[in-house]
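Data first, discussion second: the structure below is written as structure tokens.
Bear in mind these aren't lab numbers, they're just calculated from the coordinates by the rules spelled out. Being a predicted model, the structure only gives us computed values, none of them experimental. Using ideal geometry, Cβ is built from the backbone for each residue, glycine included, and neighbour counts are taken over all protein chains shown.
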């Protein structure tokens, strides 16, 4: 019985730690105190921010398209001082959270950014599209 209790306790603790680690980027953006307040009082906002970060931006190959007319994503600044500047390696990694950077977002327009001199492009989807998709998945 003691082993089962220990196993269940460790599962809950590791799930809580995992959720905390999944939201480290939000804590970096908002600060611990503001994040904790939002998480406690409006957890749906945390869900939306996470959803928007995952579904509001696409990183994909341009498949031979001319990207020279698009702004370079590597020039986009972080939203807070001390955050890691964008690099090709970061953008192509699982650690990339576009919401941490000052990409242009608008209600109805899509925006594109080339990723340095690579064949990759970042597509920033309209906020209305992201909101509609979020609402349809609830």
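Matching residues to (1) outside any loop (DSSP other than H, G, I, E, B); (2) over 22 Å from residue 31 (Cβ atoms); (3) in contact with a strand residue (DSSP E or B) (Cβ under 9 Å, 6 or more places away or on another chain):
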| site | (1), (2), (3) |
| --- | --- |
| 94 | no, yes, no |
| 99 | yes, no, yes |
| 105 | no, no, yes |
| 113 | yes, yes, yes |
| 136 | yes, yes, no |
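In this structure, residue 78 qualifies as surrounded by 13 or more Cβ atoms within 10 Å (Cβ to Cβ), more than 14 Å from residue 56 (Cα to Cα) and without any contact (Cβ under 8 Å) to a residue 40 or more places away in the chain.
The set of residues in the range 73-98 that are more than 14 Å from the chain's Cα centre (by Cα) and under 12 Å from residue 116 (Cα atoms) comprises 73, 74, 75, 76, 87, 88, 89.
In the range 115-128, how many are in contact with a strand residue (DSSP E or B) (Cβ under 8 Å, 6 or more places away or on another chain), surrounded by fewer than 17 Cβ atoms within 10 Å (Cβ to Cβ) and assigned to a loop (DSSP other than H, G, I, E, B)?
First, pick out the residues of the range 115-128 that are in contact with a strand residue (DSSP E or B) (Cβ under 8 Å, 6 or more places away or on another chain): 115-116, 119-125.
Okay, now just the ones that are also surrounded by fewer than 17 Cβ atoms within 10 Å (Cβ to Cβ), so 116, 119, 123.
Okay, now just the ones that are also assigned to a loop (DSSP other than H, G, I, E, B), so 116, 119.
The number of residues fulfilling the criteria is 2.
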